[in-house]
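S.K.: This is the structure I want to talk about, given as structure tokens.
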Amino acid sequence: MANPFKRIGNGIARMFGDDAPQPVRRTPSMGRSPHSRSFAGAQTDRLFSDWTGDIGPMDDYLKRDLVKLRSNSRRLAMNNDYFKQFLRMVRRNVVGPTGVKLQNRSRDDNGNLDEFANQIIEQGWTDWGKRGICTVCGKYSWFDVLCMSVMNVSRDGEVLLREVRGFPNKFGYALQLIPADCLDHRLFKSMPNGGDVFMGIERNKWKKPLAYHLKVKPSDRGSARYERVPASEIIHLYVPEDMDQSRGLPWAHTAIRRLGMLGGYEEAALVAARAGAAKMGFYQQREEGASFGPEGTEKDDQGNFIDEAIPGHFDILPAGYEFKQFDPSYPNGEMPFFMKSVLRGAASGLGVTYNGIASDLEGVNFSSMRGGVQDERDEWMILQAWLVESLIDKVFSSFLEQALLTGAVPLPLRKFDKFNTPVWFPRRWKWVDPDKDSKAAERDINLGVISRTRVAAEQGRDVRDVFEELAAEQKLADEMGVRLGDPLQSTGPVPEGGDNATDN
């Protein structure tokens, strides 16, 4: 049977001759959007018209926006309660109330811990970290240095510390704290060796820092004078977010606008609430030529009459005038929900929980708090590891070398590699139910999967200090004839009459 559609096509061709429309052969892709075979996230239609241009390396944007970002971040730190709370959270969780504890683990050739050397090194580290010794200005302790470092890095994006070897103190070593403003972001220069000076940092062709060009006066805006400091003396502390990033980025860079707008919104709402509580109003003239000015009224600079509202006091309106009440109804019931929504976004950008930054525990149960806090604490532990690797390890190594040279730590310098074996214990956190934590720690100790040293360190204590306190307490109890239950299972002989001791 002949194809009827073919006959129709032939008839059309005879009717129109050469002008006959040609048949179109459709393929499955025809009729679709031109973007149907591209990534949706790469489309630049009207919905993404403001997403134009390519995004280049981080350094290209830092050299243009770094100072403005830093200024806005400092402005938040000065005036925004939520960002101030975030900075305290950084200090509280990265450094903690007792700092980062040291336990040195140098060993003899037989593999046993060299307890004598370790105690001398730990005591020297403690002495060096006291106020007036560890910094060139003599104003800060090592704990202060850690707190200021993490708070300045989170606010400004970076901080610099200069290691001063041969400083006139007992240990021959101290730190100079240098604000980020001293590293001039406007200083660019090509070097004859194929390197360059980029935003104040002198680099070789591999972009390895060779020196830092620091402004003599941080406030210099014009022709500044610079001091070239070798990179071996500078600890440039920042958290890199891009593999080719030369300067630090303020941690709040994604939340600056949101927090700034929220602060302005909250201030406007507060002013509106105060105005609404005052029940203000205006006198409106009803009759032409009506007199005004009862006893006690005043005039401003423009000749307008002013009358003060006194609580519980009612005035009689002047003749020819009526009172128009001004009663703003804002803030309303939607404000708390809006505030929470905005703060949740800001908290996500800062890497913390909403409940923490807003100090809001309303509607939080044990399970939801534990889940949210666990994610946040993982982020804090990442920052703790960064702080140890980027700052604390470097400072300890330099301190130990200089202390061995000066004799402040009376150990042989030739065994520096043996003695430079620190183990750091940053702060850890207790859960909402400490009784369960204690039972879990006791179970893990009995199973042999954790040590008392680790448990004590997670609480910010040295196990030797714990044992010394227990021994001193037991000795005092024996002297005074008081029987105590031994919290540890003793492996030594049972003292005469001491039936409270047990074998291991």
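The values are calculated or read from the model by the stated rules, or taken from the named source; none is laboratory data. Computed from a predicted structure; not experimentally measured. We place every Cβ from the backbone using ideal geometry, glycine too, and count neighbours over all the protein chains shown. Heavy atoms of the whole protein, side chains included, go into the accessibility calculation; ligands, DNA and RNA do not. Shrake-Rupley method; radii C 1.70, N 1.55, O 1.52, S 1.80 Å.
S.K.: Mind telling me which of the residues LEU237, LEU249, LEU270 ends up being among the aliphatic types (A, V, I, L, M), modelled with pLDDT of 60 or more and touching a Phe, Trp or Tyr at 6+ places or on another chain (Cβ under 8 Å)?
M.R.: Values: LEU237 fails: touching a Phe, Trp or Tyr at 6+ places or on another chain (Cβ under 8 Å); LEU270 fails: touching a Phe, Trp or Tyr at 6+ places or on another chain (Cβ under 8 Å).
Just one listed residue meets the conditions, LEU249.
S.K.: Tell me which of these ASP144 doesn't satisfy, since it passes every other one: (1) within 30 Å of ARG131 (Cα to Cα); (2) open to solvent by less than 10 Å² (accessible area, probe 1.4 Å).
M.R.: So ASP144 meets the others, but not (2).
S.K.: Quick one: in segment 86-112, which of the residues that are over 30 Å from ASP417 (Cα atoms) and under 11 Å from the mean Cα position of the chain (by Cα) is surrounded by the fewest Cβ atoms within 10 Å (Cβ to Cβ)?
M.R.: ARG88
S.K.: If you take the residues in segment 197-219 that are of a type in the set (D, E, K, R) and surrounded by fewer than 16 Cβ atoms within 10 Å (Cβ to Cβ), which one is modelled with the lowest pLDDT? Even if it seems obvious, please write down each step before you answer.
M.R.: Going through segment 197-219, the residues of a type in the set (D, E, K, R) turn out to be 202-203, 205, 207-208, 215, 217.
From the residues that got through so far, the ones that are surrounded by fewer than 16 Cβ atoms within 10 Å (Cβ to Cβ) too are 205, 207-208, 217.
Numbers: LYS205: 90, LYS207: 91, LYS208: 94, LYS217: 78.
Filtering first and then ranking leaves LYS217.
S.K.: Let me ask you something else. So which of ARG14, ARG25 ends up being part of a helix (DSSP H, G or I), out of contact with any Gly (no Cβ under 8 Å at 6 or more places or on another chain), open to solvent by 100 Å² or more (accessible area, probe 1.4 Å) and at pLDDT below 75? It would help to see each step written out before you state the result.
M.R.: On the way: ARG25 fails: part of a helix (DSSP H, G or I).
When all the criteria are applied, what remains is ARG14.
S.K.: Say we look at segment 249-260 and pick out the residues that are touching a residue at least 24 places away in the same chain (Cβ under 8 Å) and not in a loop (DSSP other than H, G, I, E, B); which of these is most open to solvent (accessible area, probe 1.4 Å)?
M.R.: So the residue we want is ARG258.
S.K.: Still on this structure, please answer the following. Which ones in segment 433-474 are open to solvent by 90 Å² or more (accessible area, probe 1.4 Å) and either of a type in the set (Val, Ile, Thr) or part of a loop (DSSP other than H, G, I, E, B) (or both)?
M.R.: If the condition is that a residue be open to solvent by 90 Å² or more (accessible area, probe 1.4 Å) and either of a type in the set (Val, Ile, Thr) or part of a loop (DSSP other than H, G, I, E, B) (or both), then VAL449, GLN459, ARG461 are the ones that fit.
S.K.: For residues that are part of a loop (DSSP other than H, G, I, E, B), exposed (fewer than 15 other Cβ atoms within 10 Å of the Cβ) and either out of contact with any strand residue (DSSP E or B) (no Cβ under 8 Å at 6 or more places or on another chain) or hydroxyl-bearing (Ser, Thr, Tyr) (or both), tally how many sit in segment 220-239.
M.R.: Residues flagged as part of a loop (DSSP other than H, G, I, E, B), exposed (fewer than 15 other Cβ atoms within 10 Å of the Cβ) and either out of contact with any strand residue (DSSP E or B) (no Cβ under 8 Å at 6 or more places or on another chain) or hydroxyl-bearing (Ser, Thr, Tyr) (or both) within segment 220-239 amount to 4.
S.K.: Would you point out which residue out of VAL409, VAL463, VAL494 is touching a helix residue (DSSP H, G or I) at 6+ places or on another chain (Cβ under 9 Å), at negative phi and at pLDDT below 85? Spell out how you get there, then give the answer.
M.R.: On the way: VAL409 fails: at pLDDT below 85; VAL494 fails: touching a helix residue (DSSP H, G or I) at 6+ places or on another chain (Cβ under 9 Å).
Sole residue among the options that is touching a helix residue (DSSP H, G or I) at 6+ places or on another chain (Cβ under 9 Å), at negative phi and at pLDDT below 85: VAL463.
S.K.: Can I ask one more? Which residue is nearest to ARG74 (Cα to Cα), if the candidates are limited to segment 163-176 and must be in a strand (DSSP E or B) and open to solvent by 60 Å² or more (accessible area, probe 1.4 Å)?
M.R.: Once the filter is applied, the top-ranked residue is GLN176.
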